[in-house]
Every structure is written in C-alpha cells, then in structure tokens.
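Only one structure is covered here, and it is reproduced in the block below.
The values are calculated or read from the model by the stated rules, or taken from the named source; none is laboratory data. This structure is a prediction, so every number in the text was calculated from the model and none was measured. Virtual Cβ from ideal backbone geometry, glycine too; neighbours counted across all protein chains shown. Side chains are part of the model used for accessible areas, which takes the heavy atoms of the whole protein and leaves out ligands, DNA and RNA. Shrake-Rupley method; radii C 1.70, N 1.55, O 1.52, S 1.80 Å.
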Amino acid sequence: MSPIIIKTIQFFLSLSILIVLHELGHFIPAKYFKTRVEKFYLFFDVKFSLFKKKIGETEYGIGWLPLGGYVKISGMIDESMDKEAMAEEPKEWEFRSKPAWQRLIIMLGGVTVNFVLAVIIFIGLAYAYGEQYIANDSLKDGVWITDTTLGNALGIETGDKVIAVDGKKIKALNSIMPEVVYGEKITLERNGNTIEKDIPVDFIETISDNRENARFIKPRLPWVISQVPEESQNVSAGFEVGDILTTIAGTSVIYQDQVFPILEAKKGTTVDVVVKRNGANVPLQAKVSEDGKLGLMIGLTTIDAEEQGYLKINTTDYTFIESIPAGWNKGVKTLTDYIKGMKKIFNPDTGAYKEVGGFAAIGGMFPDTWNWPQFWATTAFISIILAFMNILPIPALDGGHVMFLLYEMVTGRKPSDKFLEYAQITGFFILIALLLFANGNDVYKLIFK
C-alpha cells in the first residue's frame, strides 16, 4: 500500500477519534445539565450529510466536509447562526437559560477531554512500551554535526558535548533538537571547556530552509561496513561485512566524520587503509571514486554501537502506577513546548510562522508504515494541539465562549445576543484566514521546497 494512502488513513482515523471525543466533552455535560443538544456531527454537513439518524432529541450524523465537527446546543450562538431560534423567548432547556458556571463547564468540556485523552495515551504508551533513548552523557567524544550550515548557525561543532538548553540538562540525545528549537541558550563542552551560546532567534527559519538535514545532531559512530555491493569499485579489494576502518591514507580514524574529509581530499586515487577484523588489523588498498566515495555500505545499529561501547541506551519500564505520573508529565511537557512554539510563531523575527502547516503538515506527521505506538503518540500530540487551539480567546472557538462567560461571571453582565452574533461572525472570518494561511503554507512548501 502506498505510504501516502497509509498516512491518509491514519490521519482520518486519528482526526475522527479526536473530533468525536472533543464533541463528547461538550455533549455529556450539556446533557447532564439538562440542556438540549439538537445535533452531534463528525465533520460538517454543509447543505447535506453523508449519514444521519435521529435518536431522541438529537440528530447524529457524519458530514462531508472534514474540517472538524460540532454539537448544536439549543439556545447558543454558534456556527449554525440560528437567528430565528435566538429571537424567541429563552426556554429552560436552552444553553442561554443555564447558570454561567454550567455554561462554562459545557464549553470547557472539549478541550478538557483533548488534554485528558493525550495524557491517557501517554500513560498507555509508557506502560506498554516504556521509554528508551540514547543517553546523551554516554557520548564520550561528543556529537557528530552532519550539516555544517546548521551547525555554524547554532554555533556547535562535531565533538562538542551538549550539556544543557536554558539551564536544563539534556539526558536524551533525541531531545536536543526539540529543546533547541524552543530554547534561547545552549551550553556546550568543547575541548574540556564549558561554553554558553545564544540560540539565534531565527534558528527555526534556518532549519526550515534546510529541512532535509534538520536532524543534523547525531552520535559519532565508527566506519563499519554493512555491505559490499557487487557494483562497487572495491568489490575485489578484500573488504568484508563487519570490517571497521581504523586507518586511511596514513591517518588514524575512529569515527565516520573523520573519514569523509579524507575521502574528499583523495578523490580519484587509490589509498592504503587498515581495517580491524575479528580483533586483528588487516591492511588493504581502496579506490576512491571521483565523487569521494569508497562504494561501500556502512552502518551500525544502536544495539551494536552500545555493545562496542560507543553509546549507552537507557531503558525504563513502568508499572501501571508508575506510568500515570510519567504520562501526566509527558502531557504537561508537550503542552508547554507547544505553547513555547506558538510564542515563537507570533514573533516575526523567528520566521517560525513559515512552519505553520495545515492538513498536509498534520498528515505528514504520521509514519509511512502502520505503527501503532507512533500512531497513538502522534494522535496524542494532535490532541494537545486541538486543546490549545480551541482554548484561544477567538470568537467561534471554545476559548471565545469561555472569554465571554468569564466576563459575565466577573462583571455580572451578560453580553447581548447581537454582540455575540457579530463576535461569532468575526471569529469565523479569523478562523478562515488562519486556515487559508496554514494550508497555503503547505501548498507553498509542496511547490517550492
């Protein structure tokens, strides 16, 4: 099955789960407070619906426009803009007749469910799979910077040890980049000296311009041959799978990053090499191609790298009780990091607004192959996004309703229906503009990047 199809299926499955549960967050407290819910829809039913069935006083259905979902609550100014109903006298079962604190709970229900759902997923992932990562402090000779443009922009070099970001110690190698993206200062150890550098305010934009090399901080690993292709110019040179390159052109090497500059300088020549094989040093000769390659496949699994002492893999298994705080902490950290990212988006100097994406960007977050842990982890992350975006104080979003309800509770004065109607229309146009901008970014990246 095509990776695009797999991503699309995962995207719609995840989106459907999140929308239904979000709307249940509104539906359940509304019913509990005896407020009539006229419609409960997955996706929008503009003009017509794909499926609908009325059960009791509520019509349940599936719309054709996959831009979200909604519950239509009687007596509430919402996306339906039902002016005729609002012109009538309030009924006891309408939203507008309920106390402000009940209306607030109803409106907060969706974002609450989104956050709680993310935490539950993180708890399940911690319990089922635990946590595994390359220990950052196990990289005795620092990291490998595979892209010098990004490395120079950040001020980091191959061999540096990343100690902390914004004073927070880095324990996992794969957490360096997320922390750098949201951070302001990075602490490094270079040649035994501790140095602190400011993270450029526009570093996100720099990564965006070099997105194919965005994962440029890697562990330093030896040059270990994993395959000798039949078409290689060195197929008859005597290399074997598992050979470790230790000397090339008279220069001793330990890591892959030390080999590449030598190959670049020796293009089109034959060089003397020494490989370690079963504990013995074996001298060979190798031809370097005109583009600076030996024509050999290299690679070392993290498990093999750990066995050979180049890094350490930390594994934490959680009991069910232990997974609860682990999942909660993961949910809080994910939300906190997302808020930091949003702050950068609203700062034009960062260039982060260029990374705002729409449906294509969200769909691209899912793996190319079906992988349940990655699917649920991505779903949890999107759930956090939905929780945050929906609580923004923009009319037409849950946060807009919450803002007006809090105003009412503090001042004792309820905004007029006419004001709420105009606010809803304004909020709708703001959302349309944001939707066009985000998806326009997707189209731009597809065409020009």
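Overview of results
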| read-out | value |
| --- | --- |
| Contact order normalised by residue count of the chain, Cα under 8 Å, 6+ apart, percent | 18 percent |
| Accessible area of the chain belonging to carbon and sulfur atoms, whole % at 1.4 Å probe | 60 percent |
| Distance (nanometres) between label positions extended 7 Å along Cα→Cβ at Tyr353 and Phe44 | 2.4 nm |
| Among Ile244, Ile156, Ile384: highest mean-square fluctuation, GNM of the chain, C-alpha pairs under 10 Å | Ile244 |
| Average accessible area per residue (Å²) across the chain - probe 1.4 Å, nucleic acids and ligands excluded | 54 Å² |
| Loop-located GluC sites (Glu not before Pro) in the stretch 277-322 whose Cβ has at most 13 other Cβ within 10 Å (DSSP) | Glu290 |
| Kyte-Doolittle mean at least -1.0 and Cα axial length at least 24 Å: DSSP H helices in the chain | 3-32, 100-129, 320-345, 372-391, 417-448 |
| Kirkwood estimate for the stretch 354-413, i.e. one over the average of 1/r between Cα atoms, Å | 13.8 Å |
| Charge-dipole axis of the chain as Lys and Arg at +1 and Asp and Glu at -1 on Cβ define it, positive-most pick from Val228, Ile121, Gln374 | Ile121 |
| Quarter of Cα convex hull surface for the stretch 284-342, i.e. mean projection, nm² | 8.9 nm² |
| Cα-based reach from Lys47 at 16 Å (exclusive), listing lysines while leaving out same-chain residues under 8 positions away | Lys39, Lys72 |
| Dimensions (Å) - the chain, Cα atoms, principal axes, largest first | 94, 48, 47 |
| Electrostatic dipole magnitude of the chain [Cβ: Lys, Arg +1; Asp, Glu -1; Cα centre; debye, to 20] | 860 debye |
| Evaluated over the stretch 225-343, the Cα radius of gyration and Dmax, each in Å | 21.7, 62 |
| Global geometry of the stretch 145-259, whether rounded, prolate or oblate, following the gyration tensor of its Cα atoms and the 1.5 cut on a/c | prolate |
| Which listed pairs, of Lys7/Lys343; Lys276/Lys330; Lys161/Lys343, have C-alpha distances above 32 Å, in listed order | Lys276/Lys330 |
| Leading residue at positive end of dipole, the stretch 273-320 (Cβ point charges), from Gly279, Tyr318, Leu300 | Gly279 |
| Which listed pairs, of Lys218/Lys267; Lys171/Lys218; Lys54/Lys98, have C-alpha distances above 20 Å, in listed order | Lys218/Lys267; Lys54/Lys98 |
| Theoretical FRET efficiency, 1/(1+(r/R0)^6), r = Cβ-Cβ of Lys91 and Ile17, R0 35 Å, to 0.05 | 0.55 |
| Sites Phe419 and Asp209, calculated FRET efficiency, Cβ-Cβ separation with R0 41 Å, nearest 0.05 | 0.40 |
| Computed E for Thr336/Phe437 - FRET, C-beta separation, R0 25 angstrom, nearest 0.05 | 0.50 |
| Where Glu23, Glu59 fall by accessible area, highest first, once all protein chains stay in place (1.4 Å) | Glu59, Glu23 |
